[in-house]
Amino acid sequence: EGAVNRIAAGEVVERPASAVKELVENALDAQATRVTIDIADGGRTLIRVTDDGHGIDANDLPLALSRHATSKIDGSDLLNIHSFGFRGEALPSLGAVGRLTITSRATGASEAATIHVNGGRIAPARPAALRGGTVVELRDLFHATPARLKFLKSERSETMAVGDAIRRLAMAEPSVAFTLRDVSEGGDRVLFRADACASLADRLATVLGRDFAENALSIDAEREGFRLTGHAALPTYSRGNAVHQYLFVNGRPVRDRMLTGALRGAYMDVLARDRHAVAALFVTCDPVLVDCNVHPAKTEVRFRDAGIVRGLIVSGLRHALAGAGH
Ligand code: ADP
Ligand code: MG
């Protein structure tokens with residue numbers, strides 16, 4: 001099982017940002033209202049995610065570390081996915097590539113417990129002190145695989161990738177408070193902070209800036225079972241050359257060429273201008289119309305009918321731009 005976990009880990013955990021994404025998703029699945037992420041050295045030496053969610057029962061801690069054990073689906077319902085996680089791979093994978101410690105106190109439990117795994121070897125759970133929620137600490141990612149370590153980018157770019165992952169999840173869950181701190185030796189600074197927001201618009205203003213909020217068109221369109229909502233800036237508002245286009249499918253941040261292509265096409269189509277305008281768009285549909293289980297990292301999706309979604313993005317944006325006098 002150790003070798004299987006290490007291979008799976010390669011697909012789930014490419015870099016610190018992918019570990020952070022998995023851990024924060026677990027916190028969100030546990031109904032956390034506040035998630036704090038501490039990293040050191042770009043996440044290479046330390047990633048610590050603290051949440052106030054429902055926690056893990058002490059008896060279930062070893063289970064949480066075993067492969068394909070998930071509390072989130074019963075096996076019969078793979079297509080009907082409402083949680084971020086469902087494959088039961090993240091924790092075993094992280095335990096195979098770093099020193100992983102999980103400390104948790106389940107709601108209503110009289111005490112907390114902690115469990116440690118390193119190189120796939122799980123130490124027995126022990127009682128611990130924690131008032132509630134879960135703290136997952138991953139130290140020395142890839143310490144046993146120097147080849148993987150070598151592929152990490154500079155501390156700065158790994159830190160930026162972590163920030164990007166957090167911002168995407170913060171947009172997906174406006175009501176949850178997020179704090180990202182760099183706790184590298186010799187410094188302790190807040191890199192990102194978003195208090196709980198009452199609306200998506202508030203959260204987008206926090207994450208993408210007031211300028212975006214003021215320049216963005218509100219999108220709301222529907223087509224054959226697909227709904228498109230969110231905000232897209234006028235192409236006159238852009239944030240340099242970087243692409244700030246955030247796409248979500250059924251609440252999950254995704255990176256999808258078809259979707260970004262459709263968005264680009266829509267701007268081209270309506271304004272005859274090829275600009276990377278800032279946008280945060282949310283596609284929702286019946287889960288049977290989209291497969292999120294294409295890749296272990298779950299950031300790719302496959303629509304049953306991509307043509308409808310493409311058309312929806314073009315017409316939704318066209319409509320919003322026309323309404324704004326373009
Ligand atoms: P998945 O999220 O696909 O179920 P993971 O390996 O990410 O698989 O997590 C395994 C299990 O550990 C989860 O199904 C959940 O029961 C439990 N778990 C992990 N992180 C947390 C957390 N922060 N709070 C509560 N439970 C958690
Ligand atoms: Mg998970």
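The values are calculated or read from the model by the stated rules, or taken from the named source; none is laboratory data. If you're wondering where the values come from, they're calculated on a predicted model, not measured in any experiment. Glycine gets a Cβ as well: all are built from the backbone with ideal geometry, and neighbour counts include every protein chain shown.
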Return the pair list, or none, for Cβ contacts closer than 9 Å from residues in the range 124-139 that are at positive phi and crowded, with 20+ Cβ neighbours inside 10 Å to residues that are in a strand (DSSP E or B) and not hydroxyl-bearing (S, T, Y), at least 6 apart or on different chains.
G133/R34; G133/D51; G133/R105
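Considering only the range 96-103, I want to know if a residue exists there that is in a loop (DSSP other than H, G, I, E, B) and surrounded by fewer than 21 Cβ atoms within 10 Å (Cβ to Cβ).
no
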Determine whether the range 292-310 contains at least one residue that is surrounded by fewer than 16 Cβ atoms within 10 Å (Cβ to Cβ), modelled with pLDDT of 85 or more and assigned to a strand (DSSP E or B).
yes
So, restricting to strands (runs of 3 or more DSSP E) that lie completely within the range 138-252, which ones have at least 3 residues that are in contact with a Lys or Arg (Cβ under 7 Å, 6 or more places away or on another chain)?
177-182, 189-194
Out of the residues in the range 182-216 meeting the condition of being surrounded by 20 or more Cβ atoms within 10 Å (Cβ to Cβ) and aliphatic (A, V, I, L, M), tell me which one is nearest to F248 (Cα to Cα).
L204
Which ones in the range 194-219 are among the basic types (K, R) and within 16 Å of R34 (Cα to Cα)?
R203
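Checking the condition at pLDDT 95 or above, β-branched (V, I, T), within 15 Å of ligand 2 (Cβ to nearest atom) and closer than 27 Å to T299 by Cα, which residue from I81, I73, I102 passes?
I102
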Within the set of pairs 6 or more residues apart or between chains, which connect a residue that is among the charged types (D, E, K, R) inside the range 3-30 to a residue that is part of a helix (DSSP H, G or I) and modelled with pLDDT under 85 with Cβ atoms less than 7 Å apart?
E22/V12
In this structure, does G55 turn out to be modelled with pLDDT of 95 or more and small (G, A, S)?
yes
Filter result (within 14 Å of F303 (Cβ to Cβ) and not basic (K, R)) within the range 249-259:
V249, N250, V254, D256, M258, L259
